[in-house]
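Contents: one structure, followed by commentary.
The values are calculated or read from the model by the stated rules, or taken from the named source; none is laboratory data. Please read these numbers as outputs of a predicted model, since none were measured by experiment. Here the Cβ is made from the backbone with ideal geometry for all residues, glycine too, and neighbour counts use every protein chain on show. The protein model used for the area step is the full one, side chains on, heavy atoms only, and it has no ligands, DNA or RNA in it. Shrake-Rupley method; radii C 1.70, N 1.55, O 1.52, S 1.80 Å.
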Amino acid sequence: DFVPKNAKTHRTTASEPVGNAWVQRGIGEEMADLLRARRPWINHRDQTRNQRLAKRASSLDNPVPLATIDLKSSSQSIATEMVRMAFLLAPGWFDVMNRTRSPNWRAKIDPGSGKELSGEYELFVSMGNGFCFPLQMIIYTAAIEACHREFGHSGKTYGVFGDDLIVEQRVALLLIEWLRFLGIRTNTD
């Protein structure tokens, strides 16, 4: 299906099988709860922190300059092998996600004629997958914290809400390069 992305374009979404969607949402909730237990400031249900940080980022007198980063086609950039590598230390998580995700897609070209296209996903999750949002948050939180460590500090001045990221300006370029290495593009618009 397609949903409006902005005034000019639409983005694709997928309708997951009903049973899978229910299980995926459960996996996503567990992932989000475990992330929030370790990083209480990251909450997949509340974007208030990101909103406050975005407001601070627009202020010129902020003592810690911040940058807002929006990612382009984020859910469609998370490749299966990247997720497998990211979860090497927790292979059970990869296995359960992989068993419940949809590996194939099918789309009607002309609903009246019954003509369809189908194929195999290279991406790990479709937009519409029940654990897509929490998975993004885990991957991007890990990337941000790795970039902070490269600078020798454990900065907690960052926000992650899905693919909307807010980081200290001093780590922003490194984060963008790291994400690009992972195959995730920054929305420069």
Taking the 0 to 90 degree range and rounding to the nearest ten, how far is the long axis of helix 169-181 tilted relative to the main principal axis of the chain, both from C-alpha atoms? 30
In region 1-97, the trypsin sites (Lys or Arg not before Pro) that fall in loop regions by DSSP, at most 10 other Cβ within 10 Å: LYS8, ARG45
Leaving ligands, DNA and RNA out of it, rank ILE69, ILE109, ILE176 by accessible area with a 1.4 Å probe, largest first. ILE109, ILE176, ILE69
What is the Cα centroid distance between region 1-64 and region 120-158, reported in whole angstrom? 11
Using a 10 angstrom cutoff on alpha carbons, build the Gaussian network for the chain and name the most mobile of SER102, SER154, SER75. SER154
Mind checking which lysines have their C-alpha under 29 Å from LYS5, skipping anything on the same chain fewer than 8 residues away? LYS55, LYS72, LYS108, LYS115
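At a Förster distance of 35 Å, what's the computed FRET efficiency of ARG180 paired with ASN20, Cβ-Cβ distance as r, to 0.05?
0.65
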Net length gained if the chain between GLU81 and ALA142 were fully extended (0.36 nm per residue, minus Cα distance): 20.3 nm
So what is the calculated 222 nm ellipticity per residue for the chain, using -39500 (n - 2.57) for each DSSP H run with n of 4 or more, over all residues, to the nearest 500 deg cm²/dmol? -13500 deg cm²/dmol
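Given a Förster distance of 22 angstrom, what is the FRET efficiency for ASP95 paired with ARG38, based on the Cβ-Cβ distance and rounded to 0.05?
Taking R0 as 22 Å, the efficiency between ASP95 and ARG38 is 0.55.
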Restricting things to alpha carbons, find the Rg to Rh ratio for the chain using the Kirkwood radius for Rh. 0.99
Quick one: pull the percent of accessible area on the chain belonging to carbon and sulfur, 1.4 Å probe, ligands and nucleic acids left out. 54
For region 94-189, what D do you get in µm² per second when you plug the Kirkwood radius from alpha-carbon pairs into Stokes-Einstein at 10 °C and 1.306 mPa s? 101
What FRET efficiency comes out for GLU150 versus ILE109 if R0 is 35 angstrom and r is the Cβ-Cβ distance? Round to the nearest 0.05. 0.15
For LEU173 and GLU29, calculate 0.36 nm times their separation in residues minus their Cα-Cα distance, and state this gained length in nm to one decimal. 48.8 nm
Gain upon complete extension [ASP70, VAL3; 0.36 nm per residue less C-alpha separation]: 22.3 nm
Using distinct alpha-carbon pairs, which all enter the 1/r mean, Kirkwood radius of region 12-60 in Å: 13.1
So how tilted is helix 18-38 from the main axis of the chain? Cα-based, degrees 0 to 90, rounded to 10. 10
Over region 115-189, with neighbouring protein chains present, the accessible area per residue in Å² at probe 1.4 Å is 50
Which whole-number percentage describes the relative contact order of region 23-156, with Cα contacts under 8 Å and a sequence gap of 6 or more? 32
